[in-house]
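A.B. asks: Below is one structure. I have some questions about it.
The values are calculated or read from the model by the stated rules, or taken from the named source; none is laboratory data. Model, not experiment: these values are computed from the prediction. Using ideal geometry, Cβ is built from the backbone for each residue, glycine included, and neighbour counts are taken over all protein chains shown. SASA here: full protein model, heavy atoms, side chains in, ligands and nucleic acids out. Shrake-Rupley method; radii C 1.70, N 1.55, O 1.52, S 1.80 Å.
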Amino acid sequence: MTGPTQATMDLVARRRRADGLFACAGAVLVVLCLGVLVLLVGDLVRDASARLHWSFLTNYPSRKPEQAGILSPFVGTLLVMLVTGCTAIPLGIAAGTYLEEYARKNWLTNIIEINIANLAGVPSIIWGLMALGLFIYGFEKWFGDPGDEVFGLGRSILTAGLTLGLLVLPIVIVATRESIRAIPQGIREASFACGASRLETVRHHVLPYSLPGVLTGCIIAMSRAIGETAPLVTIGALSYVAFLPPVPGSVVKDIDGNVMGHAGLFDWLHSGFTVLPIQMFNWVSRPDTRFQANAAAAGLVLLTVTLLMNGVAIVLRNRMRRNIQW
Amino acid sequence: MSHAATSTMTARVASGRRSGSLTRTNVRLGERVAEALLLLAAVSSVAITVGIVGVLVFESVSFFRHVPLLDFLTQREWTPLFADAKFGIAPLVAGTLVTTLVALLLAVPVGTVVSMWLSEYAPRRVREWVKPALELLSAVPTVVYGYFALLLVIPALQWIASKVFSYDLPGSNMLGAGLVMGVMIVPYVASLSEDAMRSVPQNLREGAYAMGATRMQTAWKVVFPASISGVTAAYILAISRALGETMVVAIAAGNRPTLTANPLQPAQTITAFIVQVSLGDQQHGSIGYQSIFAAGLTLMLMTLVFNIAGFYLRRRFREAY
């Protein structure tokens, strides 16, 4: 046998060159993708620089762009997130726990599993339509007199929080299931062997050990909910809010300044609201370009909060991977 | 609790009758209640689906009482809020499909190459940094992407169009919106495809290398076909995201329903139409109010068609190891 022919060596050289080029192309694309993130943040910072001041956080939205701030949208976002968290987190953890620890293999479990997978793919604006038709008008039609707003939930913080809570519910359920599934069967068997019931096993072992994973899922879910705009536009979030929801116990006055009584503990739930992404959308779509700096500043605040939450989730996940060894 | 239960049992054995406040039946009752509550939480997700489908169908039925289904499907104009109202869904569907196609033409190739690079080329340390960073890209709120599209990407495209092609690009168009949407879904495609590629057994790669294949040949001819089921799932998710994406198109694609396949033109998508109507004040029960539910139902059905197609494709190509 002689050595490799010239043709073979050429072929190998060509293939190697293609391989090297492909490696470079991949690396370049990755850098470009990450570059977009940097560009995005940079663009926002540049456009927002004129508005980055404490007064931006403490002022109400205004007709004058240089005086406008994000006090009411910011408070609105916090309160809506409170309701969202109170809906999605307990419901999601309970459903995930049921599916992993209790559910038998039967038709009902099958339906629930397929259903959750499909819910995760429903476009977010459809959730808004559901809330509009059901929470705002449907409840009113079925349970109350027409025109009487007692039974509908109205265009309120409560409606918004519930809608977003249901929207991110699949994320919490999936995260809960994944982190529960990672717990070895031996832990449960040991608990049962000590005489613990199923509920005790879940409460004292399964849930505590899966907590970091569940927490990561909850943070991801909340960060998704914070940026959601479309469903809240659909349910009719206000775009100009120059008031804050009533603090429980504070004095409520009518337009003429007469004292009407004190705000109840949960009155803020029924208050009209706006949130940061809605305010930003409103500012972006105004013809007056002076509002674009405000949009950029609001976007920067929103982006900072979301990226921080995701950063925390990533760090949490990495630490969890490193610390837990079964 | 377990201790109490055990001692109660002992007491029962000793005395032959039930005693104490925490009897076995009580413990069982607690267990039952807890299980029932957890089941209720799980079933609530089904109730949500019923609610979504119920509302969409219910309001759409009212809509189709006023508008013949044939008009909805065949008319070429969509002007439900005008005095001379026309109810052809085609312009909105066209806008949705064109922006989705533009997004996919960017996201699918880029996402696939990135996932291949991460899975087959990148050192472990690099991958561990890059993947979370890409996930951050997908965490950016869509309204921020909308701002980015309207005020950075489209002006840049306009500049290129006028300098290079001497073409006057409109200030909002489907190309710009679609491209930004593409950037938005690259991380989904990359992350999910990379998971699928990494789960291809190592001995397939070793077999390819032993035959003298380069990394690129292994990636394209061995790993990619072997992971095609998972990669298809990633593409389907990308399609769903692009079809349902709202804020980017509402801000940057223009807001006039236009029946065109030209991405350089402004047009309206189904989602952008829903946003536009919601921003105005539509009376509950009016035809404008009902039209957003009919549009929503159309969007739902489009998403469903792609998902079912994806399901069959995946089953057709599934490789088991």
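A.B. asks: Of all trypsin sites (Lys or Arg not before Pro) in region A:11-114, which ones are in loop regions per DSSP and have a Cβ with at most 16 other Cβ atoms within 10 Å?
C.D. replies: Details: sites: A:R14, A:R15, A:R16, A:R17, A:R46, A:R51, A:R63, A:R104, A:K105; in loops: A:R63, A:R104, A:K105.
The qualifying sites are A:R63, A:R104, A:K105.
A.B. asks: Hey, another quick one. What is the spin-label model distance, in nm, from B:L69 to A:S250 if the labels are put 7 Å beyond Cα along the C-beta direction?
C.D. replies: 5.3
A.B. asks: Could you tell me which of rounded, prolate or oblate describes region B:48-193, using a ≥ b ≥ c as the square roots of the eigenvalues of the alpha-carbon gyration tensor, with rounded for a/c under 1.5 and, failing that, prolate when a/b is larger than b/c and oblate otherwise?
C.D. replies: Oblate shape, in that a/c is at least 1.5 and b/c is the bigger or equal ratio.
A.B. asks: Quick check: at a probe of 1.4 Å, how many percent of the accessible area of region B:194-268 sits on carbon and sulfur atoms?
C.D. replies: On the way: 1790 of 3010 Å².
Carbon and sulfur atoms account for 59 percent of the accessible area of region B:194-268.
A.B. asks: So, one more: Per residue of A:228-236, count partner chain C-beta atoms within 10 Å of its C-beta, then hand back the mean as an integer. It would help to have the intermediate numbers written out before the result.
C.D. replies: On the way: counts 5, 10, 12, 2, 1, 10, 9, 1, 4.
Per-residue shielding by partner chains comes out at 6.
A.B. asks: Select from A:N106, A:N118, A:N294 the residue whose mean-square fluctuation is largest in a Gaussian network model of chain A (Cα-Cα springs shorter than 10 Å).
C.D. replies: The residue with the greatest mean-square fluctuation here is A:N106.
A.B. asks: Mind checking the mean number of beta-carbon atoms from other chains within 10 Å of the Cβ atoms in A:30-42?
C.D. replies: Details: counts 13, 1, 4, 11, 6, 0, 9, 8, 0, 3, 9, 2, 1.
Mean shielding by partner chains, rounded to a whole number: 5.
A.B. asks: To the nearest 500 deg cm²/dmol, what mean residue ellipticity at 222 nm is calculated for chain B from DSSP H runs of n ≥ 4 alone, each contributing -39,500 (n - 2.57), summed and divided by the residues? Can you show the working numbers first?
C.D. replies: Details: 14 runs with 226 residues, N = 321.
Mean residue ellipticity at 222 nm (helix-derived): -23500 deg cm²/dmol.
A.B. asks: Hey, got the average number of other protein chain Cβ atoms within 10 angstrom for residues in B:48-57? Mind showing how you got there, number by number?
C.D. replies: On the way: counts 11, 8, 1, 7, 10, 3, 4, 10, 4, 0.
If you average over the peptide's residues, the count of other-chain Cβ atoms is 6.
A.B. asks: Let me ask another. Once amide H atoms are built 1.01 Å from N in the peptide plane, which residues 5 or more positions from B:F87, or in another chain, come under 5 Å H to H?
C.D. replies: Excluding prolines and chain starts, which carry no amide H, the hits are B:T79.
A.B. asks: Please compute the net charge surrounding B:L37, taking Lys and Arg as +1 and Asp and Glu as -1 over other residues with Cβ under 14 Å from its Cβ. All intermediate terms of the calculation are to be shown ahead of the outcome.
C.D. replies: Details: positive: A:R198, A:R203, B:R32; negative: A:E101, B:E31, B:E35.
Local charge sum for B:L37: 0.
A.B. asks: Give the long-range amide H neighbours of A:V252: residues separated by 5 or more places, or on another chain, with amide H under 5 Å away, using H modelled in the peptide plane at 1.01 Å from N.
C.D. replies: A:M260, A:G261, A:H262, A:A263
A.B. asks: Please find, in a Gaussian network model of chain A (springs between Cα atoms separated by less than 10 Å), the residue of A:Q185, A:Q292, A:Q279 whose mean-square fluctuation is greatest.
C.D. replies: The residue with the greatest mean-square fluctuation here is A:Q185.
A.B. asks: At a 1.4 Å probe radius, which order do B:V164, B:V46 fall into by accessible area, largest first? The partial results should precede the final answer.
C.D. replies: Numbers: B:V164 100, B:V46 35 Å².
Sorted descending by solvent-accessible area, the residues read B:V164, B:V46.
A.B. asks: Here's another thing I want to ask about it. Counting heavy atoms of the protein chains only and a 1.4 Å probe, report the per residue accessible area for chain B as a whole number of Å².
C.D. replies: Working: 15120 Å² over 321 residues.
Accessible area per residue, chain B: 47 Å².
A.B. asks: What is the Cα convex hull volume of chain A when expressed per residue in Å³?
C.D. replies: In chain A, the Cα convex hull volume per residue is 271 Å³.
A.B. asks: What is the sum of charges, Lys and Arg at +1 and Asp and Glu at -1, for the other residues whose Cβ falls under 13 Å from the Cβ of A:R63? Spell out each step's value before the answer.
C.D. replies: Values: positive: A:K64, A:R286, A:R290; negative: A:E66, A:D288.
Every neighbour counted, the sum reads +1.
A.B. asks: Go through A:Y60, A:A94, A:V75 and say which Cα lies farthest out towards the positive end of the charge dipole of chain A; charges sit on Cβ, +1 for Lys and Arg, -1 for Asp and Glu.
C.D. replies: Ranked along the dipole, the leading option is A:A94.
A.B. asks: Assign one of three labels to region A:1-130, namely rounded, prolate or oblate, based on the Cα gyration tensor with a ≥ b ≥ c the square roots of its eigenvalues; rounded applies when a/c is under 1.5, prolate when it is not and a/b is larger than b/c, and oblate otherwise. Write out the running numbers ahead of the final one.
C.D. replies: Values: a/c = 4.24, a/b = 1.36, b/c = 3.12.
Oblate shape, in that a/c is at least 1.5 and b/c is the bigger or equal ratio.
A.B. asks: Evaluate the charge dipole of chain A about its Cα centre and quote only its size in Debye, nearest 20, assuming +1 on the Cβ of each Lys and Arg and -1 on the Cβ of each Asp and Glu.
C.D. replies: On the way: 25 positive and 20 negative charges, 265 e Å.
The calculated dipole for chain A is roughly 1280 debye.
A.B. asks: When Lys and Arg each count +1 and Asp and Glu each count -1, what net charge do the other residues less than 11 Å away from B:T258, Cβ to Cβ, add up to? All intermediate terms of the calculation are to be shown ahead of the outcome.
C.D. replies: Values: positive: B:R76, B:R256; negative: B:E77.
Result for the neighbourhood of B:T258: +1.
A.B. asks: Mind giving me the nanometre distance, one decimal, between the label points for A:N318 and B:D84, set 7 Å out from Cα along Cα→Cβ?
C.D. replies: 6.3
A.B. asks: Go through B:V249, A:V75 and list them by solvent-accessible area, largest first, probe radius 1.4 Å. Walk me through the numbers on the way to the answer.
C.D. replies: Details: B:V249 0, A:V75 35 Å².
The residues order as A:V75, B:V249, largest area first.
A.B. asks: A follow-up question, please. As a test of reading the structure, rank A:V80, A:V28 by solvent-accessible area (1.4 Å probe, protein chains only), most first. Numbers along the way, then the final one.
C.D. replies: Details: A:V80 0, A:V28 85 Å².
Sorted by accessible area, descending: A:V28, A:V80.
A.B. asks: What does the accessible area of A:C24 come to, in Å² to the nearest 10, when a probe of 1.4 Å is used?
C.D. replies: Ignoring ligands and nucleic acids, A:C24 comes out at about 80 Å².
A.B. asks: With chain B treated as a Gaussian network of Cα nodes joined by springs under 10 Å, which of B:L38, B:L169, B:L118 yields the largest mean-square fluctuation?
C.D. replies: B:L38
A.B. asks: At 20 °C and 1.002 mPa s, grab the translational diffusion coefficient of the protein assembly as shown from Stokes-Einstein with a Kirkwood Rh over Cα pairs, rounded to a whole number in µm² per second. Kindly include the intermediate steps, with their values, before the conclusion.
C.D. replies: On the way: Rh = 27.3 Å.
Roughly 79 µm²/s, to the nearest whole number.
A.B. asks: If you don't mind, another one. Okay, helix-only estimate at 222 nm for chain A: each DSSP H run of n ≥ 4 adds -39500 (n - 2.57), divide by all residues, round to 500 deg cm²/dmol; what do you get?
C.D. replies: On the way: 13 runs with 206 residues, N = 326.
The helix contribution divided over chain A gives -21000 deg cm²/dmol.
A.B. asks: Using only protein heavy atoms and a 1.4 Å probe, report how much of A:D19 is accessible, in Å² to the nearest 10.
C.D. replies: 20
A.B. asks: Give me log10 I(q)/I(0) at q = 0.15, 0.25, 0.30 Å⁻¹ for region B:177-234, Debye formula, one equal scatterer per alpha-carbon, no solvent.
C.D. replies: Log10 I(q)/I(0), no solvent term: -0.50, -0.93, -1.11.
A.B. asks: Can you tell me the accessible area per residue over chain A, all protein chains present, probe 1.4 angstrom, in square angstrom?
C.D. replies: Per-residue value: 49 Å².
A.B. asks: If you count only protein heavy atoms and use a 1.4 Å probe, how large is the accessible surface of B:L259, to the nearest 10 Å²?
C.D. replies: 70
A.B. asks: Output the direction-averaged projected area (hull surface divided by four) of the convex hull of the alpha-carbon atoms of chain B, in nm². Each step should come with its number before you reach the end.
C.D. replies: Values: hull surface 111.3 nm².
One quarter of the hull surface, i.e. the mean projection, equals 27.8 nm².
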